[in-house]
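Read the structure below first, then the notes.
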Amino acid sequence: DALVNNAGVAVFKPAADTSFDEWRFVMATNLDGAFICAQAVLPALRRAGGGSIVNIASISGLRASTLRVAYGTSKAALIQLTKQLAVEWASYGVRVNAIAPGPVETAMAKAVHSPEIRADYHASVPLARYGLEEEIAAAVGFLCTRDAGYVTGQVLAVDGGFDAAGVGLPAFRTAVG
């Protein structure tokens, strides 16, 4: 049995202009919702002898991102919640992990990412493309299987190498090859 917490919203504006109501809306959806769903499913997972919870975080929970203070903070908190629950619920046979997608070719990305933003991502992601929804789903699927039976409390960045690149400038990476 498995639960995938995949709800997510964002408010795109500077931190100084983000209202508390906007902050709470993002936190309520991205963090509180995952906590409530995890608590709700725990009795069933315990009765089943265990299971898996996969939280969909974001690369923005690992790296700061401009204009999304509530989003990035909520995803960082979701990563910490993942680790907390993994440690506390391991004795129940419940594994809790997170996926941290990088830029993914979703309907939302198509709607809000301008050609300039897309070009910037392509230059910053070592694989030089957006991920596919199917690639994220495959990683989630793995974490829900018995093949991942010894994996808990982990964050898997499915991001084309975006997080690994750190502050590596695209110009330097292209000079290598």
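The values are calculated or read from the model by the stated rules, or taken from the named source; none is laboratory data. This structure is a prediction, so every number in the text was calculated from the model and none was measured. Here the Cβ is made from the backbone with ideal geometry for all residues, glycine too, and neighbour counts use every protein chain on show.
The single residue among THR82, THR66, THR18 that is over 18 Å from GLY149 (Cα atoms), among the hydroxyl-bearing types (Ser, Thr, Tyr) and under 19 Å from the mean Cα position of the chain (by Cα) turns out to be THR66. Please specify each residue of segment 27-73 satisfying the condition of being assigned to a loop (DSSP other than H, G, I, E, B) and farther than 16 Å from GLY153 by Cβ. Correct list: ALA48, GLY49, SER58, ARG63, ALA64, SER65, THR66, LEU67. Could you tell me which residue of segment 74-124 is modelled with the highest pLDDT, considering only residues that are part of a helix (DSSP H, G or I) and acidic (Asp, Glu)? Result: GLU88. Buried (at least 20 other Cβ atoms within 10 Å of the Cβ), of a type in the set (Ser, Thr, Tyr) and closer than 25 Å to CYS144 by Cα: is that true of SER91 in this structure? The answer is no for SER91. Mind listing whichever residues of segment 1-26 are among the acidic types (Asp, Glu), over 13 Å from ARG68 (Cα atoms) and surrounded by 14 or more Cβ atoms within 10 Å (Cβ to Cβ)? Answer for segment 1-26, where residues must be among the acidic types (Asp, Glu), over 13 Å from ARG68 (Cα atoms) and surrounded by 14 or more Cβ atoms within 10 Å (Cβ to Cβ): just ASP1.
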